[in-house]
Amino acid sequence: MIIQGKPKFFNSKILAIDSRQIQNPADSLFIAIKGINHDGHQYIEELYHKGVREFIVEQEGWTSDLQEKSNNWERISVFVVKNSIQTLQEIAKEHREKFQFPIVAITGSNGKTTIKEWLSQILEDQYSVVKSPKSFNSQVGVPLSVWKINHNHSFGIFEAGISKPNEMNFLERIIQPTGGIFTNLGSSHGANFQNDFEKLKEKLNLFKKAHFLIFHDTNGLKNKITDYLVPINPNIQLIYWSETDINAPIFIYKKHQKGKIHIRFKKSTQSEVFLKLDFPDFDEASIENLINCVLMANHYAITQDVIQRKLIHLRSISMRLEMKDGINGNKIIDDTYNNDIEGLQFALSFMKENHRKNKMIILSEMIETGLLEEELYQKIGQTINQYSIEKMIGIGKTFEKYQTNFKNLEVYKNTEDFLEKGGIKEIRDSLILIKGARKYQFERIVNRLLKKTHQTELIIHLNSLKNNLDYFKEKIGPNTKIMAMVKAFAYGAGSEQLTKTLEKQAIDYFAVAYTDEGIELRENGIYAPIMVLNPQIHEFDKLAEYQLEPEIYSLEILKEIDEYSTQNNKNLKIHLKIDTGMKRLGFESHEIEELIKILNQAPQLWVASIFSHLVASEDINQKSFTEKQIKDFKEISDKISQQIGYKPFLHINNSAGITYYPEANLDMVRLGIGLFGISSNPTIKKNLEEVLELKTYITQIKTVEKEETIGYGRKGKLKEKGKIATLGIGYADGFKRNLGLGKGQFLIKGKICKTVGNICMDMCMVDISHLKDVKVGDQAIAFSKELSIQKIAGLAETIPYEIMTSISPRVKRTYLID
Ligand SMILES: *Cc1c(COP(=O)(O)O)cnc(C)c1O
């Protein structure tokens with residue numbers, strides 16, 4: 001049945017927008033959404049064959065081809081609408097209106113997800129809470145989250161995030177919040193807003209009908225909110241707090257005590273303090289988030305005792321999966337924070353992408369509000385059974401009761417029981433998901449399984465990588481393909497996980513430096529085409545076997561591959577490299593005639609692309625040279641295309657080229673360092689997020705007298721008597737030796753700490769005289785979003801590429817996925 005317009009009724013209980021995430025086709029309504037690089041309509045046919053029967057499609061995407069095919073499909077309902085996102089939003093809005101209980105919304109620049117999670121932990125004994133999964137806060141995330149509300153719930157917490165003007169009005173209509181929290185305004189307003197105030201106003205639209213709003217009055221936020229919001233919503237109660245203004249509705253007094261922070265809350269209208277609480281000793285931003293949560297809980301009459309009990313059990317949380325190297329060749333996905341079905345599904349679909357055969361789950365009992373226990377365990381079982389999992393460990397007695405819902409299940413009474421009898425030492429070469437509620441203390445299991453060789457850690461923020469890729473995709477437009485450069489262990493970040501992530505984001509091509517790197521990608525299950533920059537003559541067999549496409553850069557290698565492919569009767573794809581000025585690899589202009597002649601007699605060689613490399617694309621002073629390179633390249637490649645009679649892809653731009661010479665994006669661009677959030681172009685840099693974070697820990701703290709020397713060669717001294725910290729990172733880890741003697745720096749507790757003395761092989765020392773409250777075990781950041789690789793490279797008098805690729809393999813890589 002084809003129905004014009006928004007559905008008035010449908011059978012499915014699940015709304016799905018991602019064809020890959022559909023677990024239960026018969027019960028899913030698929031909403032085809034057309035994005036910049038993705039079109040959901042392409043999956044309709046496939047989904048029909050998988051069993052999906054209800055679809056919302058857009059007029060434009062519902063092509064005559066699809067319509068014709070659908071004539072033979074049985075029992076389907078297709079709703080044809082103008083705009084499927086708007087329709088999804090309408091459906092969610094109508095759903096929301098069926099519920100009367102409190103629904104609060106959170107917006108602001110930082111901390112939304114953290115606040116949502118903490119608040120739900122504080123409320124969970126009194127209320128059955130429904131909340132957005134992970135950070136589902138966008139134009140699609142919000143309606144999908146709101147759709148999850150059901151009649152078993154009694155409290156809703158939703159986050160809302162925007163990137164463009166006017167988006168918040170849509171989110172407001174869907175969430176219709178009773179009240180809310182505004183976290184803070186962050187420092188950058190993003191490309192789509194004129195200034196911070198414009199962005200603030202847009203965000204405040206979320207509360208235009210709310211009864212109350214909680215926020216921290218900093219940077220004049222109260223005045224701005226009053227000016228904008230009160231005229232449109234005169235009845236709103238502004239519950240703001242301050243540590244300096246005793247006339248604020250809530251005045252807050254903080255006192256640091258050993259290992260905790262004592263906080264008193266006082267209302268300006270009362271003489272007595274109304275809440276006295278001990279907070280965990282978190283960083284300042286987390287405390288700010290927590291105060292907002294406490295005020296919200298207090299607003300809904302949660303008592304001081306309950307809040308205090310909850311505060312003790314909170315942890316500085318991360319809403320994300322971490323993948324780490326374990327003992328016995330295992331890989332560990334540490335998801336010990338989050339323990340709901342959504343999180344489980346997310347982790348499972350992440351596991352599915354991994355090529356390892358042995359997959360194992362260690363799962364604790366789950367408390368999912370809004371579902372009966374029986375339904376819950378049925379659902380957990382169904383969720384897991386859709387994936388091939390060799391072994392499942394259930395921790396907690398409830399699993400026994402519902403054993404029949406699971407395959408290959410082993411049950412242990414509690415964590416202790418598993419640690420004793422679970423045979424941890426025998427687990428090998430497996431991918432292990434560890435997921436449990438706090439009280440099960442699964443970090444004990446994680447610690448047992450982890451390889452604990454070295455404390456220094458390179459964290460790869462995969463979400464930032466996706467952000468950067470999206471940015472470049474939008475910038476180059478839909479007609480230019482992307483080749484992701486993942487040579488040199490993906491610039492040090494680790495090729496296996498990086499290429500997996502990128503392939504999922506529909507990257508057209510990968511490029512590696514050596515054949516072995518390409519083989520490794522194939523063995524990790526990468527199917528996308530792969531170009532090899534430095535193929536060797538004796539490797540043609542391997543290239544062919546693994547479908548790797550060599551860069552052909554000289555007449556010699558061209559003749560060799562011609563001979564090899566003729567003798568072995570193989571058709572091969574090749575890429576021609578033209579040297580337009582680098583003087584490294586590539587055909588020079590006098591060799592082009594001969595090149596064409598050979599190609600025309602070698603029909604078994606298919607030229608997939610012709611390319612060249614810019615020498616100084618980041619240097620505006622070399623503009624005329626770069627433009628000459630581009631011009632020469634076009635002439636030479638045109639000539640080749642004409643004379644071989646077909647048109648290979650042309651590409652010349654690298655990351656910097658894309659930003660400075662967009663007219664040379666041609667058929668494809670080769671994106672490398674830009675993916676990691678690094679750009680010498682300040683306007684571009686603003687839109688990118690730093691992907692890599694290198695951190696280590698303080699191993700010892702010493703007091704040093706003015707006349708004493710520090711480190712090898714007695715090169716370090718403090719100006720005054722002070723304190724130094726020894727850190728677990730040295731030049732053998734990739735922390736350059738020339739960053740010693742005060743040139744280099746770390747961030748400790750958010751403060752810059754300069755190196756003192758020479759950097760040692762495995763350690764270095766920094767001056768921490770100006771820091772209070774530092775202790776052994778505290779983190780020291782070598783680079784991160786706050787301390788950029790570009791800055792460090794500058795200090796080390798090198799380039800970001802070298803800093804990144806120098807990080808030693810002994811530094812463990814941890815991948816974060818939101
Ligand atoms: C490494 C490399 C790139 C990528 O350069 P970035 O500056 O990292 O974007 C592009 N083309 C070739 C041939 C390369 O070797």
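The values are calculated or read from the model by the stated rules, or taken from the named source; none is laboratory data. Predicted, not measured: the structure shown is a model, and the values here were computed from it. Neighbour counts are summed over all protein chains in view; Cβ atoms, including those assigned to glycine, are modelled from backbone coordinates with ideal geometry.
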Problem - Members of segment 208-236 that are loosely packed, with under 15 Cβ neighbours inside 10 Å and more than 21 Å from LYS112 (Cα to Cα) - result: ASN223, THR226, ASP227, VAL230, PRO231, ILE232, PRO234, ASN235
Exercise for the section: Could you tell me which residue of segment 534-556 is farthest from LYS500 (Cα to Cα), considering only residues that are within 16 Å of the ligand (Cβ to nearest atom) and surrounded by fewer than 20 Cβ atoms within 10 Å (Cβ to Cβ)? Expected result: SER554
Completion exercise
Of those in segment 572-585 that are closer than 16 Å to ALA608 by Cα and in contact with an Asp or Glu (Cβ under 6 Å, 6 or more places away or on another chain), the residue farthest from the ligand (Cβ to nearest atom) is LYS573
Completion exercise
Note: among GLU689, GLU663, just one is more than 16 Å from the ligand (Cβ to nearest atom), surrounded by fewer than 20 Cβ atoms within 10 Å (Cβ to Cβ) and in a helix (DSSP H, G or I), namely GLU663
Practice task
State whether one or more residues within segment 666-683 are at positive phi and within 15 Å of the ligand (Cβ to nearest atom).
Solution key: yes
Exercise for the section: Report yes if some residue within segment 613-630 is of a type in the set (S, T, N, Q), more than 16 Å from the ligand (Cβ to nearest atom) and within 16 Å of HIS590 (Cα to Cα); otherwise report no. Expected result: no
Practice task
Among what's in segment 649-660 and is of a type in the set (S, T, N, Q) and modelled with pLDDT of 95 or more, pick the residue that is farthest from the ligand (Cβ to nearest atom).
Solution key: ASN653
Handout entry: Checklist (1) surrounded by 17 or more Cβ atoms within 10 Å (Cβ to Cβ); (2) away from the ligand (no atom under 13 Å from the Cβ) applied to TYR646, failing item
Key = (1)
Problem - Count of segment 460-485 residues which are within 25 Å of LEU433 (Cα to Cα) and surrounded by fewer than 19 Cβ atoms within 10 Å (Cβ to Cβ) - result: 1
Fill in the blank from the handout: Output for Cβ contacts, cut-off 9 Å, separation at least six or different chains, first residue farther than 16 Å from ILE807 by Cβ and among the basic types (Lys, Arg) in segment 674-693, second within 15 Å of the ligand (Cβ to nearest atom) and part of a helix (DSSP H, G or I), reads LYS685/GLN790
Problem - Single match in ILE752, ILE781, ILE789, ILE729 (criterion: within 28 Å of LEU688 (Cα to Cα) and in contact with a Leu (Cβ under 6 Å, 6 or more places away or on another chain)) - result: ILE781
Fill in the blank from the handout: Output for Cβ contacts, cut-off 6 Å, separation at least six or different chains, first residue within 16 Å of THR566 (Cα to Cα) and among the polar types (S, T, N, Q) in segment 604-615, second outside any strand (DSSP E or B) and more than 16 Å from the ligand (Cβ to nearest atom), reads GLN604/SER565; GLN604/ASN571
Exercise for the section: Residue by residue through segment 598-630, note down the ones that are within 16 Å of ILE578 (Cβ to Cβ) and over 39 Å from the mean Cα position of the chain (by Cα). Expected result: ILE598, LEU599
Practice task
Considering (1) more than 16 Å from the ligand (Cβ to nearest atom); (2) under 18 Å from the mean Cα position of the chain (by Cα); (3) over 12 Å from PHE676 (Cα atoms); (4) not hydrophobic (A, V, I, L, M, F, W, C), say which one HIS461 fails and leave the rest.
Solution key: (3)
Exercise for the section: Collect the residues in segment 426-468 that are in a loop (DSSP other than H, G, I, E, B) and more than 29 Å from THR699 (Cβ to Cβ), keeping them in residue-number order. Expected result: ILE427, ARG428, ASP429, GLY436, ALA437
Completion exercise
Per the filter on segment 486-501, residues within 14 Å of the ligand (Cβ to nearest atom) and either surrounded by fewer than 23 Cβ atoms within 10 Å (Cβ to Cβ) or part of a helix (DSSP H, G or I) (or both) are LYS487, ALA488, PHE489, ALA490, TYR491, SER495, LEU498
Exercise for the section: Scan segment 286-306 for residues that are in contact with a strand residue (DSSP E or B) (Cβ under 7 Å, 6 or more places away or on another chain) and of a type in the set (A, V, I, L, M, F, W, C) and jot them down. Expected result: ILE287, LEU290, ILE291, VAL294, LEU295, MET296
Fill in the blank from the handout: Restricting attention to segment 238-281, the residues that are acidic (Asp, Glu), out of contact with any Lys or Arg (no Cβ under 6 Å at 6 or more places or on another chain) and surrounded by 13 or more Cβ atoms within 10 Å (Cβ to Cβ) number exactly 2
Exercise for the section: Out of the residues in segment 631-643 that are within 39 Å of the chain's Cα centre (by Cα) and surrounded by fewer than 20 Cβ atoms within 10 Å (Cβ to Cβ), state the one that is nearest to the ligand (Cβ to nearest atom). Expected result: LYS634
Practice task
Answer yes or no: is there a residue in segment 671-689 that is more than 21 Å from LYS791 (Cβ to Cβ), of a type outside the set (Phe, Trp, Tyr) and modelled with pLDDT of 95 or more.
Solution key: yes
Handout entry: Options ILE684, ILE678: the member that is assigned to a helix (DSSP H, G or I) and under 30 Å from ASN467 (Cα atoms)
Key = ILE684
Problem - Evaluation of MET763 against (1) within 16 Å of the ligand (Cβ to nearest atom); (2) over 30 Å from VAL486 (Cβ atoms); (3) not basic (Lys, Arg) (one fails), failing number - result: (1)
Handout entry: Residue selected from segment 670-683 under the condition out of contact with any Phe, Trp or Tyr (no Cβ under 8 Å at 6 or more places or on another chain) and over 30 Å from CYS764 (Cα atoms), by the criterion surrounded by the fewest Cβ atoms within 10 Å (Cβ to Cβ)
Key = PRO682
Handout entry: Members of segment 113-151 found to be touching a Ser or Thr at 6+ places or on another chain (Cβ under 6 Å) and in contact (Cβ under 8 Å) with a residue 24 or more places away in the chain, listed by number
Key = THR113, TYR127, SER128, VAL129, LYS131, SER132, SER135
Practice task
Go through (1) of a type in the set (S, T, N, Q); (2) loosely packed, with under 15 Cβ neighbours inside 10 Å; (3) more than 19 Å from ILE803 (Cβ to Cβ); (4) over 24 Å from the mean Cα position of the chain (by Cα) and name the single condition ASN738 misses.
Solution key: (3)
Handout entry: Cβ pairs under 8 Å, 6+ apart, first in segment 477-502 and over 20 Å from ILE803 (Cα atoms), second within 12 Å of the ligand (Cβ to nearest atom) and in a loop (DSSP other than H, G, I, E, B)
Key = THR499/VAL486; LEU502/VAL486
